[in-house]
1. Report, ordered by the first and then the second residue, all pairs with beta carbons closer than 9 Å, sequence separation of six or more or different chains, a first member in region 794-809 that is open to solvent by less than 60 Å² (accessible area, probe 1.4 Å), and a second member that is acidic (Asp, Glu) and outside any loop (DSSP other than H, G, I, E, B).
2. Look at Leu781 and say whether it is under 30 Å from Gly713 (Cα atoms), aliphatic (A, V, I, L, M) and assigned to a helix (DSSP H, G or I).
3. Within region 248-282, how many residues turn out to be among the aliphatic types (A, V, I, L, M), farther than 19 Å from Asp573 by Cβ and outside any strand (DSSP E or B)?
4. Pick from region 321-359 the residues that are in a loop (DSSP other than H, G, I, E, B), at negative phi and surrounded by fewer than 16 Cβ atoms within 10 Å (Cβ to Cβ): which of them is nearest to the chain's Cα centre (by Cα)?
5. Would you mind finding the one in Ala305, Ala318 that is modelled with pLDDT of 95 or more and in a helix (DSSP H, G or I)?
6. Only one residue in Leu285, Leu205 is of a type outside the set (Asp, Glu), in a loop (DSSP other than H, G, I, E, B), under 27 Å from Pro128 (Cα atoms) and within 16 Å of the chain's Cα centre (by Cα). Which one?
7. Restricting attention to region 755-772, which residues are open to solvent by 20 Å² or more (accessible area, probe 1.4 Å), among the charged types (D, E, K, R) and assigned to a loop (DSSP other than H, G, I, E, B)?
8. Tyr387 fails exactly one of the following numbered conditions: (1) at pLDDT 95 or above; (2) of a type outside the set (S, T, N, Q); (3) closer than 27 Å to Trp298 by Cβ; (4) buried (at least 21 other Cβ atoms within 10 Å of the Cβ). What is the number of that condition?
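The values are calculated or read from the model by the stated rules, or taken from the named source; none is laboratory data. Please read all numbers here as calculations on a predicted model, not as lab measurements. Note that we place each Cβ from the backbone using ideal geometry, even for glycine, and neighbour counts take in every protein chain shown. Just the protein is used for accessible areas: all its heavy atoms, side chains included, with ligands, DNA and RNA removed. Shrake-Rupley method; radii C 1.70, N 1.55, O 1.52, S 1.80 Å.
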Amino acid sequence: MNPRTWLLGLFATAVAVGFGSPAGAADPADPSNGPGKPYLVAIGVGEFKDKAIHARPTADADAKALYKLLTDKAVLGIAPDRAKLLTSSDASRESIVKAIETAVESTEKNDLLIIAFFGRGSSVGDKPCFLTPESVFKERAKTSLTPNELEPAFKKIKGQKLLLLMDVAYKGGFDAGDEKVLEPNVAPYIKLVFGEDDREDASLLTERVIVLGNLPFRSPLTKGNHGLFYSVLAEGISGKADQKPYFVGDEPDGLVTIVELAKYLDKEIPNGARELGKTDKEKELTPFIIGQGSSHYWLSKDAAATESVTKRLDAIAALVKAGKMTEDDGKEATGLLFRMPKLKWQQSLRKAYQKLADGTATVDETLATRKTLREALKLPADEASEYAKKVETWIREMSARYIKPVSSGELAAAAIKGLYSRAEEPLPADLEDALKKPKELTRERQDELLTDARLRLGRREDLDGDKAVDVSLTMASGSLNDRYSIYTDKAGVLKMQSQLQGRFPGVGIQIRRDAVRDGLLVATPIKGSPAYKAGIQAGDLITEIRLEVDKLGKPLPADAQRVFSTKGMKTEDAVSLILGAPDSPVSLIVQREGLKEPKEFKIFRNFVMVETVHGVQRDKNADWDFYLDEKNKIGYVHITQFIAIDLDGDGREEFGSVTDLKKAIAQLKKTGLNGLIIDLRENPGGYLSSAWHMCEMFIDKGEKVVTVKPRAGAIREYKAEVKGDKSFEIVVLVNGNSASASEIVAACLQDHGRATIVGERSYGKGSVQDVRDFDPTGGQLKYTIARYYPPTGRNIDKLATEQDPTIKEWGVKPDAGFEVKLASEEVNDWYEYIQDLLVIPPPGKPGAKVNPEKDKQLMKGLEQLRDLVKSTAKAPK
């Protein structure tokens, strides 16, 4: 599997203010802020009775060490009766399941449950399994521990915080004989933790985190007597994750939060791998972490900072006891001193209380500082009213056009609750009571509640400008339980522009993290882009990004950072730096093979047009050749998405998928075209109009393409308005990620008998979304307005089968005899292969070529076309 690749711009988530405790300040007595009564299940299996399974000595050592670490009172202090250690001597399938069941039953809401696995794993089919001491490799389907066996216990987890740690070696480690062992898919473990929610905005159950020390295609490393994963984990938990640059806030606070630990693991495991790894693959080891963004608990203490924190807490307690501070003020001070607060004003107040505790400020001085800070929090009424108006604009549109009836009151309630949830604030009791019957709320009352809700939160940096609106609309969209209906803020729009529009403002390169050299590797420039024209090449290593202006093209302030090293930089952070307004400059410093010194490229950003129609191989000018079988005149096009760009505003597509496909076919027909393979695998869809006009290219005038049925308004039938070209045979390739517009094309051509469908059943997205600019914030709305049906009227939408048990069929299935399934390992190999096809090689180097021998679905389609060409007497003599 290739490392993650990003295309720059492509695909590129109480009380009234001034009274009582500050919103968001951590109260050590509040179980929602910490581990509660934590419970640990540590499992380490490194010895096996079956000689076909190789020993992994660090597994037992790591589990024992973690048990010792987390029961240490200086770190977390889990009580011995709430910590279970299982090793090679007693870690049977039954004992592991029983230990986890007991852990779930013994924990309550807000208690932290830590489950850790160290050992070896393999696959049963393509599902993961954990090998126990009694496991027999050849009978692992019956003798290993699978996620299915853990599912009943995990389903009983309700309000507990959860941390699942897995350091499992899947590669090698066993003698498989003649058996071909597939690479396991870790999705079942993710499902264990988060259930089956697969919304587009990737929303997850909160306070649940899974940390995989390695993915199945990477082998874990050893450091001394322990695994590298445990070694780094132990350092982070023991306090290093609370040190610079990992701590949250402006200084260590004596607590290691899950966010800080995730940042530490993300940085230090790759650092350790670069030091310990002997091969490039070993040096590329990185952890895989999900859930830290929606989790906020702390899980251990930083001994280095705990002493000073304890002294300050004792000093505050003494002031309260002496009557120099009220109990409420003491509680506020204790909360702020105990844990670093999120907001800057709270951090400033924390500093004031530190001075008070240290004896360098008086109580009166501290309270005066607090008064000044709180007065600055008051939000002008007109700003709260403006927030309400913008949210109401969204509410009116959604209640009128969304595919399902939804009341404006319900949307308003969801916006308010979502705002407080994301702000990590308790919803005031009176607001909560007012929202109990949302359908009964009048428009006037909705406006009052929205305004009041925003006023109470006051002025804070996480809600500045339109951030409060962004949060409310994001959370309220999530309340629809529709994975395709989402709100994207202004910054997100910039990153996602090319997904439908096919163009974005940037430099036009695909990049990925190079873990070995700790930089950003250029996978390929995009043809015709500013980077391509400037001479950026595939294989260049970006070591530095230099800025002169901000994203809008305005000069940077004198004190702004201008030079950014890419060492340790996340790919998404690099994307954010490199994207910007057209005609604005950005400089990239690159290392290139064959050059002794780094080279600087000053590039002026511009709109980058995304290629969506790819061929068989690029020529020396980086243009595509589309012949797959020139002898039989069989062409091949891979369509990556359906885009349409109207550059001059006349309502016609000047650039896009249909235009480029027409050019490709015209190029092929100059020398003859008997058959065409249209590859729609991994195509997530795009514009309905683009799919409609593509179908028109191949069917008769007047034939039905698709029928769209909205909740309100007339049903619309889309028919071919021109006579299509039926002079050649067609095969369409689809797989489980061919969705939406891809399914419209595949189903239309299948229903009219115009194409043979080859591959695997498609995704099953039978709904239509409207994508609209949301002018009040500069964001974008995407929401479901209708369902579509192909010419035969059959169901495509998989969700419909979940909502109506009488509907059995969904998606686009391959024609009889043309289903070709790929195992997970074959899918990974195919992904690597197709990534290479996208690369524009440096001058003088040949580009990769589509090879049916490496793609059995493509080979099946090619064989079908050869047979059809032969049967219609079009084959050359």
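1. Taking only residues 6 or more apart or on different chains, the pairs are Ile796/Glu743.
2. Against the criterion (under 30 Å from Gly713 (Cα atoms), aliphatic (A, V, I, L, M) and assigned to a helix (DSSP H, G or I)), Leu781 does not qualify.
3. 4
4. Step by step, filter region 321-359, then rank; the result is Thr326.
5. Ala318
6. Leu205
7. Of everything in region 755-772, those that are open to solvent by 20 Å² or more (accessible area, probe 1.4 Å), among the charged types (D, E, K, R) and assigned to a loop (DSSP other than H, G, I, E, B) turn out to be Glu760, Arg761.
8. (3)
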